[in-house]
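The values are calculated or read from the model by the stated rules, or taken from the named source; none is laboratory data. Since the model is a prediction, treat every value here as computed from it, not as a measurement. Backbone-built Cβ (ideal geometry, glycine too); neighbour counts: all protein chains shown.
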Amino acid sequence: MRSKKDPEESMEKALELFNRLEQIPELPRFDGACVDFHKEKPAVVFIPWIPMIAEVKNEELPRFLWKQGVRRVLVDALWPGNVGILMELVNSGVEVWVLTRASALHGWRRKGSKKPKGLVQWLRKWHPEVLKGFAEEIKRDVYDAVLLRYVKRRYMMKVTMAYLVCWIAMLLWRRARKEHQRLLNQLSSLPISDEEKQRRIELSKAMLMDEARNFVEIMRKHHPRIDELFRRLGIEDDLIAQAYCCEIVVEAYGSKTLAEFLRKLGLSPGNEDNEDDGRRRKKFIHDKQARFALNQLVLKVYRLNPKREQNKVKGRSMKVAEEIWRWWEKSLEAVQPSGGNPE
């Protein structure tokens, strides 16, 4: 007798879930295969037109998908461990889309809110019969691969080789700036000479500048008009400010409107805590690294003192973000051939 955790039994149940979901006409459908990645386990692949669910080692995924005739794929996340696989897929001619919001699957529900967030919560409210018999196991990986097919288009973005190359350069730049700041914090408390501290700071700063230069040059290659943005912001001669600016440009990928871009940066109107009528509303969940980059860019653009003029950052952050978005919109036609924001 097979255990409840037997992989074959789980796949059979996942296919039953697929059959039930296919009976709901209002659900969107991704026209391609869906892949749920894992760091230390094989990926779970769902191909709806066969239909088939399979566990595939990451390094074997491109060959497996190509053999099955897959030319379009949606993956659950982009992270350093799978970016090489995605690059290989793109190089082989497969159209790759990435889920941009993990909560689009299982969602969340704010207290006092009647509107369900996420596909599973929506199903529980409007089509509970579809989830009957799955209970909490619906959160298992094999079901995520199936659920990905029914995520709304707004929660996914198409990625290209240009985007992936820029994204890797951004990660390396972010690592360098974090390590540099960590060193500064550590040196401030260590009992070593000022000369030794300065030597180490200079070495770290050289690495920081090298990563910034590499990041900006890669962005120039894929976004030839980015120097125009640097001039508009007045940072033509500030390499570090340019790197912060490039971070925000990379974060613009996947945003279809200014409002969506501002929400990602934590600048959406109505985003602050609201205590009217005794109620307190939570802040919008935004990309903290993108917001940090924007704050640092604002300090440099307006030459603000972070200790004495921090209160000026918020208002001017909106101006800088809007300026970057205006440039982004005008550049889309030039950007798209080398990997810009799709549709």
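A single member of ASN91, ASN19, ASN82 is out of contact with any Phe, Trp or Tyr (no Cβ under 6 Å at 6 or more places or on another chain) and touching a residue at least 12 places away in the same chain (Cβ under 8 Å), and it is ASN91. ARG101 meets each of the listed conditions (1) assigned by TED's automatic domain parsing to the domain that holds ILE47; (2) closer than 19 Å to LEU74 by Cβ; (3) not in a loop (DSSP other than H, G, I, E, B) apart from (3). Candidates in the range 258-278 are the residues that are at pLDDT below 85 and of a type in the set (D, E, K, R); of these, the one that is nearest to ARG231 (Cα to Cα) is GLU272. The set of residues from the range 217-269 being basic (Lys, Arg) and more than 14 Å from TYR163 (Cβ to Cβ) comprises ARG220, ARG225, ARG231, ARG232, LYS256, ARG263, LYS264.
Every condition in (1) modelled with pLDDT of 90 or more; (2) surrounded by 12 or more Cβ atoms within 10 Å (Cβ to Cβ); (3) of a type in the set (D, E, K, R) is met by ARG281 except one, and the failing one is (1).
For first residues located in the range 40-56 and assigned to a loop (DSSP other than H, G, I, E, B), partners that are acidic (Asp, Glu) and lie 6+ apart or on another chain with Cβ distances below 7 Å form the pairs PRO42/GLU55.
When you scan the range 133-247 for helices (runs of 4 or more DSSP H) that lie fully inside it, which ones turn up with 3 or more residues that are more than 30 Å from PHE18 (Cβ to Cβ) and not hydrophobic (A, V, I, L, M, F, W, C)? Spell out how you get there, then give the answer.
Numbers: elements: 141-147, 161-187, 194-222, 226-233.
Per the criteria, 161-187, 194-222, 226-233.
Can you find a residue in the range 80-95 that is closer than 14 Å to PRO42 by Cβ and hydrophobic (A, V, I, L, M, F, W, C)? Show your work before the answer.
Restricting attention to the range 80-95, the residues satisfying the condition of being closer than 14 Å to PRO42 by Cβ are 81-82, 85.
Add one more test, that the residue is hydrophobic (A, V, I, L, M, F, W, C), and what stays is 85.
Taking every residue of the range 80-95 in turn, at least one turns out to be closer than 14 Å to PRO42 by Cβ and hydrophobic (A, V, I, L, M, F, W, C).
Which of the following residues is closer than 15 Å to LEU89 by Cα and at pLDDT 95 or above: PHE64, PHE37? So the residue among PHE64, PHE37 that is closer than 15 Å to LEU89 by Cα and at pLDDT 95 or above is PHE64.
Number of residues in the range 66-88 that are in a helix (DSSP H, G or I) and either among the β-branched types (Val, Ile, Thr) or touching a Leu at 6+ places or on another chain (Cβ under 7 Å) (or both): the value is 5.
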